[in-house]
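Structure record follows, encoded as C-alpha cells.
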Amino acid sequence: MTLPATMRALEASAFAIDSLKLVERPVPAPRRGEILVRIRAASLNYRDLAILAQAYLPTLPLPYVPASDGCGEVVAVGDEVTRFRLGDRVAPIYTQGWHDGKPTIEMRTKRTLGAPLSGVLQDYVAVPAEDAVIVPGHLTDAEVATLPIAALTAWSTLEEGDVKPGDTVLVQGTGGVALFALQFAKLAGARVIALSSSDEKLARAKALGADVGINYRTTPDWQVAVKEATGGRGVDIVVETAGATLDKSLASLAFGGFIGVVGFVAGYEAKIPLRAVLGPMIRIQGIAVGSRARFEAMNRAIALHGLKPVIDSTFPLARGADAFRHLASGQHFGKVVIDVAGA
Ligand SMILES: NC(=O)c1ccc[n+]([C@@H]2O[C@H](COP(=O)([O-])OP(=O)(O)OC[C@H]3O[C@@H](n4cnc5c(N)ncnc54)[C@H](OP(=O)(O)O)[C@@H]3O)[C@@H](O)[C@H]2O)c1
C-alpha cells in the first residue's frame with residue numbers, strides 16, 4: 001500500500017473546544033519495533049474534556065491532538081516487528097509500556113496516549129508494536145474504539161474488587177465507565193444498582209441489565225436507598241466515578257466492601273468519616289485504567305460473551321468539536337464516538 005505524505009489531524013491550539021481544527025500533518029514513519037495504524041474510529045472520555053478545560057495536565061504544551069481511544073488497521077510495520085502483520089485490526093493501549101502488573105510512575109505520567117503523547121484524532125498513529133492489542137472480531141471499529149480506557153477501567157475496578165457471582169455492584173451515572181461496569185458486573189453474575197440523574201436513562205440501564213435504578217437528583221440521600229435495596233446489607237463494590245460522593249459510597253457499602261476510586265465528575269474532594277473505613281474493614285483503591293494483559297483478558301471475555309459496547313452517538317472527524325460539546329452537555333448514554341476514516 002502506498003501511504004500518503006500528509007494526513008488530517010484534529011488539533012487543539014488552545015485549552016478550549018472552539019480551538020479544535022483540522023490541520024495537515026506529515027504521516028509518521030514507523031521506527032524500529034513500531035507499527036503504523038490507520039485510525040478508523042476513536043471515542044472520547046471525560047479526561048479529554050478535562051484536559052481541554054485545562055483542569056487536568058494544565059501545563060501540556062500546545063498544540064496537541066486529543067483522545068486516547070482508537071481502533072485501526074496496521075498499514076506499515078517497522079523493522080523487527082513480529083507481533084502484528086499488515087491488515088491486523090488493533091487498538092493502541094492507553095498507558096504505553098504498561099504490559100502487566102503495576103506501571104511505573106513514568107508510564108502513568110509521561111506515556112499516556114491523547115496527552116501527553118499525541119492522540120488518536122488523526123488518520124495515522126505510530127506506536128510500539130508491544131503497545132497495541134488485537135481486538136474482538138465481532139465488534140465494529142466504533143465499538144472497539146470504546147474499549148481502551150472506559151471498558152478497561154471498569155474491568156480493572158471489578159477485578160481489583162474481586163467481583164464474584166452474587167455480589168452487588170453500585171455504578172454511578174450512565175457514562176462510558178459506568179455502563180461497561182454494569183455490563184461486566186452482570187457477566188460476572190453480580191447484581192447491579194445504577195445511579196443516574198435521569199429516570200429515562202435509568203430505564204435504559206435496566207434494559208441493559210441493571211437490577212435497581214436510583215435517581216441521584218431526586219434522591220440525594222441515595223446511600224439510604226442503596227442500603228434499603230440490599231436489605232440493609234450494603235453493596236460489595238462501588239465503581240466511584242463521581243469522586244466527591246465518596247462519603248455516600250462508604251455509607252452504601254457492606255462490611256468488608258470495596259470502593260474503586262475512578263473519577264471526579266462530581267468534584268475532586270471528599271470528606272469521609274474514618275470510622276466508616278476502619279470498623280467495616282473497607283478497601284479503597286485508586287484505579288488507573290489497566291495493563292495490556294488485562295486488556296487482552298477483557299477482550300477474551302467480550303468475545304466469548306458477544307458483549308456489545310453502548311454507543312450514544314457518532315460524529316465525523318471534521319465535526320470533532322461537536323462531539324466534545326455533546327459529551328460536555330451530559331446528555332449522552334454510553335460512549336461518544338468519532339468516525340475518523342469517514343469523510
Ligand atoms: N481512573 C481512571 O483510570 C479513569 C478512567 C476512565 C474515566 N475516569 C474518570 O471517571 C469519570 C467518568 O468517566 P466517563 O468517561 O465514564 O465519563 P462520562 O462518559 O462523561 O460519564 C459521566 C457520567 O457521570 C454521571 N454523573 C455526573 N455527575 C454525577 C454525580 N454527582 N453522581 C453520579 N453520577 C454523576 C452522569 O450520568 P447521568 O447522566 O446518568 O446522570 C454522566 O453521564 C471521569 O471523572 C473520568 O475522568 C477515570
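The values are calculated or read from the model by the stated rules, or taken from the named source; none is laboratory data. The model shown is predicted, which means the values in this text are computed figures rather than measured ones. For neighbour counting, all protein chains shown are included, and Cβ atoms are generated from backbone atoms with ideal geometry for every residue, glycine included. Surface accessibility is based on the protein's heavy atoms, side chains included, excluding ligands, DNA and RNA. Shrake-Rupley method; radii C 1.70, N 1.55, O 1.52, S 1.80 Å.
Remarks
- For Ala229, the test of being within 10 Å of the ligand (Cβ to nearest atom) and crowded, with 18+ Cβ neighbours inside 10 Å is failed.
- Qualifying residue in region 188-197 (condition: within 13 Å of the ligand (Cβ to nearest atom), surrounded by 22 or more Cβ atoms within 10 Å (Cβ to Cβ) and under 22 Å from Asn299 (Cα atoms)): no
- Flag if Arg31 is surrounded by fewer than 22 Cβ atoms within 10 Å (Cβ to Cβ), in the same structural domain as Leu139 (by TED's automatic domain parsing) and part of a strand (DSSP E or B): no
- Scanning region 111-150 for residues that are part of a helix (DSSP H, G or I) and surrounded by fewer than 24 Cβ atoms within 10 Å (Cβ to Cβ) returns Ala129, Glu130, Asp131, Asp141, Ala142, Glu143.
- Matching residues in region 202-212 - criterion: being out of contact with any Lys or Arg (no Cβ under 7 Å at 6 or more places or on another chain) and open to solvent by 20 Å² or more (accessible area, probe 1.4 Å): Ala203, Arg204, Lys206, Ala207, Leu208, Val212
- Taken residue by residue, region 66-79 has at least one member that is farther than 26 Å from Ala318 by Cβ and in contact with a Gly (Cβ under 7 Å, 6 or more places away or on another chain).
- Qualifying positions in region 1-28 - open to solvent by 40 Å² or more (accessible area, probe 1.4 Å) and among the polar types (S, T, N, Q): Thr2, Thr6, Ser13
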